[in-house]
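Reviewing the structure listed below.
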Amino acid sequence: MKKSFTFLIPFISLLISCTGEKETTSEPYYLRMANSEMKRNPESWMIDFSKGIKWNYTHGLELQAILQVSAKTGDEKYFRYAEAYADTMINEDGSIKTYQLEKYNIDHIKPGKILFPIYEKTGNPKYLKALQLLRSQMETHPRISNGGFWHKKIYPHQVWLDGLYMACPFLAEYGKTFGEPALFDEVALQLTNAYHDLIDEETGLLFHGWDESREQRWADPVTGKSPNFWSRSIGWYMMALVDVLDFMPADHPRKEELITILQKISAAVEKYRDPETGMWYQVTDQGDREGNYLESSGSIMFIYTWVKGAQKGYLPEEFLEKGETAYDQFVKRFIRENADGTISVTDVCSVAGLGGEKNYRDGSFEYYISEPVRDDDPKAVGPFIMTSILLDK
């Protein structure tokens, strides 16, 4: 008997070793975060703490990430979750519930990004009609004198960095998908004009907004620029650059210009990392000022851009290593393990803007640190999932 047990020992040891290894191996963060969000929001229209259905950029951002999880894993449940939102929101004639073209809200172009893979997979003509509807908004969308898109009809003569992400990746993908090459010229115009209109030469950072009319109280009477650097707005712009480059033809005459801008802004934001945590502050350049705080959505947008930009060859290779290090620091600082097995991303600025009628947003330091901070906001969740996929973490 002893002999036979001795013979089995190596096999048993191997079995225990393998079993132990499986027990200590955790799911990648992109799966854990997607699954956590689907648990918190059983219906995809519930994303972003929604009490009712709405066509919203935050849904588009997070569901874009969840569609990437589906593509990465081959698991259809993630595709079905995203497609359920599109199916709920889009009528058979291609009209979109809660969407009004005549409001010229550039934020409402962003959710259209999820329709490209959904239409490709399902072939449902209502998704094509909705894509065409959103494209038509940008044909008549109001512009400032140099061609830049207004942020919204209710914000006349104003360009905000946020809007570059809302419209440009959509237009670039539309141009490639439906053979409209003029759209590559359009997105290059939008991105380069915004850079020159909003750049601060001293820091290399971009101001949040520009009012060509200089009518807004937040606008500098000489330059028209808003007074502060908001990390998430710079993050929106950086993601717009790196995502647009996915679709720009290699020989497009302005592609190198966009890559140069990407390199400059990527180098500029590096100078403002918190030395202890490696993360970035809500007001980018004032980390030592009382009330400022480390903010997760801007931080993960910078990291996403570094990682993707380096992987694609637009940024120097060193930015991949920097991005990987910053990602690990992000997880340490902002990802929380919950008692129910889900994970959360913490310290997300819920919203920030400029102007408005009810509570005027003056772009001051005090304003940016006054907006509510919350957990599990899609504006951090989406980029975190996408960055985790890029790094396979």
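Where a number appears in this text, it was derived from the coordinates with a stated rule and is not lab data. Fair warning: this is a prediction, and the values are worked out from it, not measured in the lab. In this analysis, Cβ positions are derived from the backbone assuming ideal geometry, glycine residues included, and neighbour counts consider all displayed protein chains.
Sorting E37, E215, E290 on the 10 Å Cβ count, fewest up front, what's the list?
E290, E215, E37
Among (i) 32, 29, 21; (ii) 49, 26, 17; (iii) 38, 26, 21, which is the computed semi-axes √(5λ) of the Cα gyration tensor in Å?
Checked against the structure: label (iii).
At R0 = 41 Å, how high is the FRET efficiency between Q100 and D392 if r is their beta carbon distance? Nearest 0.05 is fine.
Calculated value: 0.50.
Please go through the residue pairs K264/K312; K255/K312; K225/K271; K72/K121 and name each one whose alpha carbons sit more than 20 Å apart in this structure.
Violating the 20 Å Cα-Cα cut-off are K225/K271.
What is the sum of charges, Lys and Arg at +1 and Asp and Glu at -1, for the other residues whose Cβ falls under 14 Å from the Cβ of D392?
Net of charged neighbours comes to +1.
Just rank Y119, Y127, fewest to most, by other beta-carbon atoms within 10 angstrom.
Y119, Y127
Starting from 0.36 nm per residue, how many nanometres of slack lie between S136 and Q311 once their C-alpha separation is accounted for?
59.7 nm
Which of L128, L258, L198 moves most in a GNM of the chain, Cα contacts under 10 Å?
For the chain, modelled as a Gaussian network with Cα springs under 10 Å, the answer is L128.
Under 20 Å between alpha carbons, and skipping anything fewer than 8 positions from K379 in its own chain: which lysines qualify?
K39, K51, K54, K110, K113, K152, K308, K332, K393
Return one quarter of the surface area of the convex hull spanned by the alpha-carbon atoms of the stretch 27-90, equal to its mean projected area, in nm².
4.0
To the nearest Å, what is the center-to-center distance of the stretch 54-87 and the stretch 231-300, using C-alpha atoms only?
If you average the Cα positions of each part, the centres end up 25 Å apart.
Mind telling me which of I300, I47, I261 comes out most flexible in a GNM of the chain, alpha-carbon contacts under 10 Å?
I261
Grab the DSSP H runs of the chain that are 4 residues or longer, score each as -39,500 (n - 2.57), total them, divide by all residues and round the 222 nm result to the nearest 500 deg cm²/dmol.
-17000 deg cm²/dmol
With a ≥ b ≥ c the root eigenvalues of the C-alpha gyration tensor of the stretch 118-199, is it rounded (a/c under 1.5), prolate (a/b larger than b/c) or oblate?
Taking the square roots of the gyration eigenvalues as a ≥ b ≥ c, the stretch 118-199 is prolate.
GNM on the chain, C-alpha springs below 10 Å: top fluctuator among V222, V348, V69?
Evaluated over the chain, the most mobile residue of the options is V222.
To make sure I understand, if each residue's beta carbon is the centre and we count other beta carbons within 10 Å, what order do S44, S213, S299 fall in, fewest to most?
Placing the least packed residue first, the sequence is S213, S44, S299.
Pull up the cross-link candidates among the lysines for K153, meaning alpha carbon to alpha carbon under 16 Å and not fewer than 8 places away within one chain.
K103
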